[in-house]
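Worksheet for the structure shown next.
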Amino acid sequence: MADVATLSCARCSKPANLQCPKCVELKLPREDAAFCTQDCFKASWSSHKSVHLKAKQSNGTGNPENEGWEYCMKKGQGRTPKLPYFDWTGTLRPYPISSKRVVPAHIDLPDWAADGIPKEEPSSDLQRVVEIAREVLDAAARVIRPGVTTDEIDRVVHDATIAAGGYPSPLNYHFFPKSCCTSVNEVICHGIPDARKLEDGDIVNVDVTVYYKGVHGDLNDTYFVGNVDEESRRLVQCTYECLEKAISIVKPGVRFREVGEVINRHATMAGFSVVKSYCGHGIGELFHCAPNIPHYARNKAVGVMKAGQTFTIEPMINAGVWRDRMWPDGWTAVTADGKRSAQFEHTLLVTETGVEVLTARLPSSPKVYPWLDA
Ligand code: MF3
Ligand code: CO
Ligand code: CO
């Protein structure tokens, strides 16, 4: 038997006594499979494991009995001549699969044809659009201070969206005249950016939606302008927490009507009320689609969450009464009592195990919330 200690560690080149068990199983060259310690083996794993994959893909170089059997290498589900252990559900069993068929040169190839890896899946477009939307909102956040007009915020949003190759979804949506919504103080949502300068003590919500490669990404945050009174700071933090708590229950099987229970409980405990006229919504190829997701208690929302769904949750919480009124412009929704309203919004993806917050803050996002900057 050869002395494995004559080998050197694939990571640090020290004398190596350990062999990767998977490499041994695959009968791979011992030089690539040797490690000095478990630590070096573990540290190398993320790059080392690819040699197993490559070995399996080079059909014919491994076990000749496997010829014509292996397939779907990426998922490691190659069929082997020996029936593996599996609790077969019926009487059907796998049989040999013949080799890959030939595609003539004149056929247009999708991007996975050569290396097995799809690159332009709709999911990657969704990943990109939500990232753009987050970066656009963050750009808006960086210019917020007393004296800046909401029109200037809109210009930042518009230019940053275009620079990233996107379209600002609100622009001309049902004739909405601007590229984002800016909702100041008693404005609940859908405020139109205009020539008013932000004043010290205001709160302002900026709602950004970006359309990129056929999909929309939607999010908003409420910001403090200069020094804001204690009650408004409490309102904004409570609204932030309402969204966090709502997100925490999202997973397959949960009823959409539960979202409103969680939000209402947290808002009313703090002495605030929940807006009823505007809801979260399905989003993707459409800006607004099913499901409809109310934020208030005892709502009649239909349906349960399923893996793969994308929708927003965007609670609007009022310091006073829940009731809203509309300005004559047909867009600006305000509180009926003129007290302040705050909002936060994320685009979410339901996963097999729970939820992914697609529009989550990035490491580069400005640090504007004291409760997050511990
Ligand atoms: N972004 C908003 C939402 O969260 C919708 C704005 S529509 C507009 O659903 F026309 F007012 F821009
Ligand atoms: Co929305
Ligand atoms: Co929005």
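The values are calculated or read from the model by the stated rules, or taken from the named source; none is laboratory data. Small disclaimer: the values here were computed from a predicted structure and weren't measured. Neighbour counts are summed over all protein chains in view; Cβ atoms, including those assigned to glycine, are modelled from backbone coordinates with ideal geometry. The protein model used for the area step is the full one, side chains on, heavy atoms only, and it has no ligands, DNA or RNA in it. Shrake-Rupley method; radii C 1.70, N 1.55, O 1.52, S 1.80 Å.
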Neighbour net charge for residue 325 - beta-carbon separation under 10 angstrom, K R +1, D E -1:
-2
How far, in degrees from 0 to 90, does helix 257-269 lean away from the longest principal axis of the Cα atoms of the chain, to the nearest 10?
50
Measuring from its Cα centre, the stretch 121-266 shows a charge dipole (+1 at each Lys and Arg Cβ, -1 at each Asp and Glu Cβ) which, in debye to the nearest 20, is 380
Take the chain, connect every pair of alpha-carbon atoms lying under 10 Å apart with a spring to form a Gaussian network, then pick out the residue of 305, 316, 269 with the largest mean-square fluctuation.
269
Given a 1.4 Å probe, how much area per residue of the chain is accessible, in Å²?
55
Rounded to the nearest 500 deg cm²/dmol, what is the calculated helix-only ellipticity per residue at 222 nm for the chain, with -39500 (n - 2.57) per DSSP H run of length n ≥ 4?
-8000 deg cm²/dmol
Rounded to the nearest whole number, the per residue volume of the convex hull around the C-alpha atoms of the stretch 311-365 in Å³ is 133
Going from most exposed to least, what order do 241, 25 have by accessible area with a 1.4 Å probe?
25, 241
Among 353, 209, 222: highest mean-square fluctuation, GNM of the chain, C-alpha pairs under 10 Å:
353
Among 343, 308, 182 - extreme Cα towards positive end, dipole of the stretch 90-373, charges at beta-carbon
308
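Placing unit charges on C-beta atoms (Lys and Arg positive, Asp and Glu negative, everything else neutral), compute the dipole magnitude of the stretch 264-374 about its Cα centre in debye, rounded to 20.
Numbers: 11 positive and 9 negative charges, 92 e Å.
Using only the charged Cβ atoms, the result is roughly 440 debye.
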GNM result for the chain, Cα springs below 10 Å: residue of 171, 286, 83 fluctuating most strongly
83
Value of Rg to Rh for the stretch 261-374 (Rh from inverse mean 1/r over Cα pairs, i.e. Kirkwood):
0.99
Mean shadow area of the stretch 129-287 over all directions, Cα convex hull, nm²
9.7
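Under unit Cβ charges (Lys, Arg +1; Asp, Glu -1), what dipole magnitude, rounded to 20 debye, does the stretch 90-373 have relative to its Cα centre?
Around 940 debye, computed over the stretch 90-373.
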Per-q log10 I(q)/I(0), the chain, q = 0.10, 0.11 Å⁻¹ (Debye; single scatterer per alpha-carbon; no solvent):
-0.78, -0.85
Which of 17, 162, 226 sits farthest toward the positive end of the charge dipole of the chain, with +1 on the Cβ of Lys and Arg and -1 on the Cβ of Asp and Glu?
17
If the chain between residue 371 and residue 325 were fully extended at 0.36 nm per residue, the gain over the current Cα-Cα distance would be 13.4 nm
If you rank 95, 212, 85 by how much accessible surface each has, with a 1.4 Å probe, what is the order from largest down?
85, 95, 212
For residue 106, what accessible surface area do you get with a 1.4 Å probe? Give it in Å², rounded to 10.
150
Using only protein heavy atoms and a 1.4 Å probe, report how much of residue 178 is accessible, in Å² to the nearest 10.
60
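If you take every residue apart from residue 137 with its C-beta less than 12 Å away from the C-beta of residue 137, what net charge results, scoring Lys and Arg +1 and Asp and Glu -1?
Net charge around residue 137: -4.
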Compute the acute angle (0 to 90°) between the alpha-carbon long axis of helix 38-57 and the principal axis of greatest extent of the alpha-carbon atoms of the chain; round to the nearest 10°.
70
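Whenever you get a sec, line up 124, 44 from highest to lowest accessible area (probe 1.4 Å, protein heavy atoms).
Ranking 124, 44 by accessible area, largest first, yields 124, 44.
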Just report the Cα centroid separation between the stretch 99-115 and the stretch 303-374, whole Å.
45
Extreme residue, positive dipole direction of the chain, given options 146, 8, 123 (C-beta unit charges):
8
Given a cut-off of under 8 Å on Cα pairs at least six residues apart, what relative contact order in percent is computed for the chain?
13
Cα axis of helix 122-142 to longest principal axis of the chain: angle in degrees, 0 to 90, nearest 10?
40
